[in-house]
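Take a look at the structure set out below.
FYI, it's all coordinate maths here, none of it is from the lab. Fair warning: this is a prediction, and the values are worked out from it, not measured in the lab. Quick reminder, even Gly has a Cβ in these numbers, built from the backbone with ideal geometry, and neighbours come from all protein chains shown.
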Amino acid sequence: MSTQEIPEENLPSGQGETAHGAVKVAEDPFADPGLPAHKPRIQDIDERAAKRSERTVALLFTVSMLSTIGFIASFVIFPINHIVYIWPFGHISSLNFSLGMTLGLALFCIGAGAVHWARTLMSDVETAQERHPIEATPEVKTKVMEDFREGAAESQLGRRKLIRNTMFGALAMVPLSGVVLLRELGPLPEDKLRHTLWARGKMLINQNTNEPLRPEDVAVGSLTFAIPEGLEESDHNFNTEIAKAALMIVRLQPGDIKDKQELEWSHEGIVAYSKICTHVGCPISLYEQQTHHVLCPCHQSTFDLADGARVIFGPAGHALPQLRIGVNDEGYLEALGDFEEPVGPAFWERG
Ligand code: FES
């Protein structure tokens, strides 16, 4: 028993005084009372009760597995727009309801099974862990490994094979729900990203006036934006299509065009290039008529329109795709086909 000296005014009356006016405390008020005695549970002393708990835990894990199967089946069975009345929720999507219920039940049963297992079958002997320095000594590490092995043995994972197998089954199947949810990402793009609305015979429509362009509408030094004939702003897929088909038209002096193919694909010096930057897809909007350079405002990639729109500065890794153009019988500018390479960020070509 330890003693401690405390000033008199801080102590209750009745304590014995010393010669200096302080008192001796008879007991340590902060003594560790220790842990209460361990009371064995019914499962610790009755193997039949332990078996019942084992079956309960296994049942919960099995219900989790069945719920996961139900989750996957719901995806297959229920159409996405099927509505049902369910009290007290009212009219709801049968697909959403069944997905929520089955996934919720699968996760709940795993949690409930683990809790029931811990409460009834794993060791419930309370142990006190002394504080120790943060850096573990070799002895402590050895002790930790011993405790780990002891805990593994006490959890009866090796002995209760039914629990172990059903638990691993439930844990292995729950992630399948995430795999099925990938369907919600929509259909694969297939080759849609490799093609635009441009096709042979489609007229170039001035994006500002919404009128078909004639060669004489495009002045030397001007920058004109065009969209394919037939694409209207009211179309539900307008943004998707314009993101691929946006075009910029520039008229150069034919003698200034250095690239042979560019010259062949142009009409009287009028060249048509994709407006979508090959870096990460910003719309290019700045044209420097003296140098024939176009500049992307996002990261300053610069392309030389007089030389096949090759990159002369910036992070873009690929020249702008050129659209082959001509003039139809009525004198309007038209496309002579689609772009011959994917537009936009160059990484599409690596797919
Ligand atoms: S998107 Fe054009 S330079 Fe980055």
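How about the range 126-184: which GluC sites (Glu not before Pro) there are in a DSSP loop, with at most 11 other Cβ atoms within 10 Å of their Cβ?
Taking the range 126-184 and a limit of 11 other Cβ atoms within 10 Å, the loop GluC sites (Glu not before Pro) found are Glu126, Glu130, Glu135.
Can you give the FRET efficiency for Ala172 and Leu336, using 1/(1 + (r/R0)^6), R0 = 35 Å, r = Cβ-Cβ distance, to the nearest 0.05?
The pair Ala172/Leu336 has a calculated efficiency of 0.05.
Within the range 248-284, what residues put their amide N at less than 19 Å from the label point 7 Å along the Cα-to-Cβ vector of Val220?
So the set is 249-259, 263-264, 266-272.
Got a sec? Which residues in the range 221-250 would a label at Leu188 touch, if it sits 7 Å along Cα→Cβ and we count backbone N under 16 Å?
none
For the range 46-185, what are the per-bin percents of Cα-Cα distances with bins 5 Å wide, up to the bin holding the maximum?
Using 5 Å bins, I get a P(r) of 2, 9, 14, 14, 12, 11, 10, 9, 7, 5, 3, 2, 1 for the range 46-185.
I need the calculated FRET efficiency for the pair Asn208 and Ile83, taking r as the beta carbon distance and R₀ as 45 Å, to the nearest 0.05.
With a Förster radius of 45 Å, E is 0.50.
Using DSSP, restrict attention to beta bridges with both residues in the range 219-351 and report what percent are antiparallel, rounded to the nearest 5.
Counting DSSP beta bridges with both partners in the range 219-351, the antiparallel share is about 95 percent.
Per the helix-only calculation at 222 nm, which mean residue ellipticity applies to the chain, given -39500 (n - 2.57) for every DSSP H run of n ≥ 4 and division by its residues, nearest 500 deg cm²/dmol?
-11000 deg cm²/dmol
Residue separation times 0.36 nm, minus the C-alpha to C-alpha distance between Asp147 and Val327: what's the value?
56.4 nm
In terms of modelled amide H atoms, which long-range or inter-chain residues lie less than 5 Å from the amide H of Glu229?
Counting only residues 5 or more places away or on other chains, the set is Met203, Ile205.
Once R0 is set to 30 Å, what does the formula 1/(1 + (r/R0)^6) return for the Cβ-Cβ distance between Glu268 and Phe238, expressed as a FRET efficiency to the nearest 0.05?
Plugging the Cβ-Cβ distance into 1/(1 + (r/R0)^6) gives 0.50.
In the chain, which cysteines lack any other cysteine Cβ under 4.7 Å from their own?
Cys109
Taking Cα centroids, how far is the range 267-318 from the range 20-92 in Å?
What the calculation gives is 63 Å, centre to centre.
Under a straight-distance cross-link criterion of Cα-Cα below 25 Å, which lysines are reachable from Lys161, leaving out those fewer than 8 residues away in the same chain?
Within reach: Lys51.
Please identify the DSSP H helices in the chain that span no less than 15 Å along the helix axis (Cα) and have a mean Kyte-Doolittle hydropathy of 0.0 or more.
47-77, 94-120, 161-181
Which cross-chain or sequence-distant (5 or more) residues have an amide H under 5 Å from the amide H of Ile312, H modelled 1.01 Å from N in plane?
Here Thr302, Phe303, Asp304 satisfy the definition.
Post the alpha-carbon centroid distance, the range 112-139 to the range 161-190, in whole angstrom.
31
In the structure shown, do any of Lys202/Lys275; Lys202/Lys244; Lys39/Lys143 have a Cα-Cα gap over 19 Å, and if so which?
Lys39/Lys143
Within 10 Å, count the other beta carbons around each residue, average over each peptide in 186-193, 111-118, 38-45, 57-64, and list them highest first.
Per-residue Cβ counts within 10 Å, averaged per peptide and sorted highest first, yield 57-64, 111-118, 38-45, 186-193.
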